[in-house]
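Written below as structure tokens is the structure these notes are about.
The values are calculated or read from the model by the stated rules, or taken from the named source; none is laboratory data. Keep in mind the model is a prediction, meaning the values are calculated, not measured. Counting neighbours? That spans all protein chains shown, and the Cβs are built from the backbone with ideal geometry, glycine included. For accessibility, only protein heavy atoms count, side chains too; no ligands or nucleic acids. Shrake-Rupley method; radii C 1.70, N 1.55, O 1.52, S 1.80 Å.
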Amino acid sequence: MSAFQLLIYGCSGYIGRLTAERAALHPGSVVLAGRSRKKVAALADKLDLPYRVFSLDNPEDIDANIRDVKVVLNLAGPFAFTTPPLIHSCIRVQTHYLDVTTEPSVFHLLFETLSPAIRNAGIVCIPGVGFELVPTDVLAAMLHHHIPTATHLDLSFAFSDQSRPLAASPGATKTYLSTLADPQHCSARIDGRMTPVRHFYKTRRVAFPTAGSALVGFVPWADSLTAYYTTGIPNIDTFVPVDPSMVRSALWSFFLVRALLRHFPPFQWLLFLLVDIFYSRPPSDADRKGVRIDVWGEARDERTGEGVRGSLQTMEGYGFASCAALEAARELIERADEGGAVSSATGEENENRSGEDRIRPGTYTPSRAFSPNFIFTIPNTTLYTFIRFKMSPAASRLASVGLASSSSSSIAAVKSKSTTLIPPVIQGTGWS
Ligand SMILES: NC(=O)c1ccc[n+]([C@@H]2O[C@H](COP(=O)([O-])OP(=O)(O)OC[C@H]3O[C@@H](n4cnc5c(N)ncnc54)[C@H](OP(=O)(O)O)[C@@H]3O)[C@@H](O)[C@H]2O)c1
């Protein structure tokens, strides 16, 4: 029997602190952890929670600190540095693992390289239980449910009120910069394979439910990798709103930073220093208050022209990530057996059997582990009516070659018919 149900590692960071504060409202069996005694002890004292201090340098130390815990929630990033030591320790001592990574190399490690070891250890591993993955992943699963033969999936998000965007935290900025060095960083799922592309290699128009119509351009997110595990759809593109006048300068910046990171690795530490000096204030509670995000997706079968679009609106990414991570931990504590206990019944294909109450050992995307209804555990989340459409053959051809201009013409050519597939407004009521 575990001494603690949940250990939150990296509690002294921005997302760690938000999550710890939320966890303290429902203390249960939670222990805080991190590498800096001063920071961890100060927070734990303030929140009146127990704590442990250990770095990730010594495997025996990590084992000793997580052995008697049921679930580790890792919030210390960049995860390229923290996930490998923690997941190897989780495998050794049979402790379940969650994180809020956004890094493709980390998803690749957990879904591909370590998946058999994770199953054999009898543990459950669910990376990306934050804003990056949960809303887009559940939307992808819902869209795929309505068009099981879909050949293409497009995903995007935008701030509902474009005049109130929220800046990335210093930690998220450093993580993004560090991923630019990864040669696989800028890849899209094309014909089932992760294929290197350039930023903005596709653009299209998207009608967000409250942000309105916007031009969006391809930028790499983890969903190109992970929505394939969720849906099996072979072509996946991920978009964010773009200002056409900025595209050329943004492309040059990406090119320059990537070249420097690849050919001169210490440049990463210089960038981190610059972030610390010039960009040290993470979003405050006042900055975050009332900020909402539209998440949009479209699945289509380009052989038949059939498609479906759906969208949801939810809270800003940091509040969302802290809620979703704790909800994921709560589900895992309730629905996974103690690590190692059921290693014979494994989740062979990273899919928990639908309707099954227990989560079997394996690596999962959030919607595969918990079902797409997981989104309704997040407070103030609204799912909008899904719309079925039929594309004309010309629009379908344009969309499949991904012409920059394809979308506006394909959207214009779409004959859409509104079909209510899911009740139009559903509010989340979970852990607030
Ligand atoms: N998926 C999502 O929705 C989502 C949302 C928010 C953030 N994130 C990700 O979460 C990560 C943290 O973001 P943040 O804004 O909280 O960053 P932050 O404020 O810089 O905090 C980083 C935390 O990680 C710890 N840490 C970093 N490297 C470590 C290492 N090698 N060993 C042990 N601990 C280490 C830091 O410990 P010290 O304080 O001791 O330095 C600190 O607690 C980033 O990777 C970000 O991209 C994801």
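Restricting attention to segment 101-128 and to residues that are free of Cβ contacts under 8 Å to residues at least 40 places away in the same chain and among the aliphatic types (A, V, I, L, M), the residue that is farthest from E327 (Cα to Cα) turns out to be A117.
Applying the criterion of at least 1 residues that are open to solvent by less than 50 Å² (accessible area, probe 1.4 Å), within 11 Å of the ligand (Cβ to nearest atom) and farther than 25 Å from T363 by Cβ to the helices (runs of 4 or more DSSP H) found wholly in segment 8-115 leaves 14-25, 37-47. Taking the condition open to solvent by 10 Å² or more (accessible area, probe 1.4 Å), among the hydroxyl-bearing types (S, T, Y) and under 26 Å from the mean Cα position of the chain (by Cα), does S249 pass? Considered against the rule, which asks whether it is open to solvent by 10 Å² or more (accessible area, probe 1.4 Å), among the hydroxyl-bearing types (S, T, Y) and under 26 Å from the mean Cα position of the chain (by Cα), S249 comes out as no. Is it the case, given these coordinates, that L166 is part of a loop (DSSP other than H, G, I, E, B) and assigned by TED's automatic domain parsing to the domain that holds L260? Answer is yes for this residue. The set of residues in segment 116-130 being touching a helix residue (DSSP H, G or I) at 6+ places or on another chain (Cβ under 6 Å) and either within 16 Å of the ligand (Cβ to nearest atom) or farther than 23 Å from A64 by Cβ (or both) consists of C125, I126, P127, V129, G130. Taken together, the criteria place A141 among residues that are open to solvent by 10 Å² or more (accessible area, probe 1.4 Å), away from the ligand (no atom under 16 Å from the Cβ) and not assigned by TED's automatic domain parsing to the domain that holds R360. Just one residue in the set A227, A286 is closer than 30 Å to P379 by Cα, without any contact (Cβ under 8 Å) to a residue 12 or more places away in the chain and part of a helix (DSSP H, G or I); that residue is A286. F278 falls short of the stated requirement of being more than 16 Å from the ligand (Cβ to nearest atom) and either in contact (Cβ under 8 Å) with a residue 60 or more places away in the chain or over 23 Å from the mean Cα position of the chain (by Cα) (or both). Within segment 91-115, being closer than 14 Å to N74 by Cα and of a type in the set (V, I, T) holds for T95, V100, T101, T102, V106.
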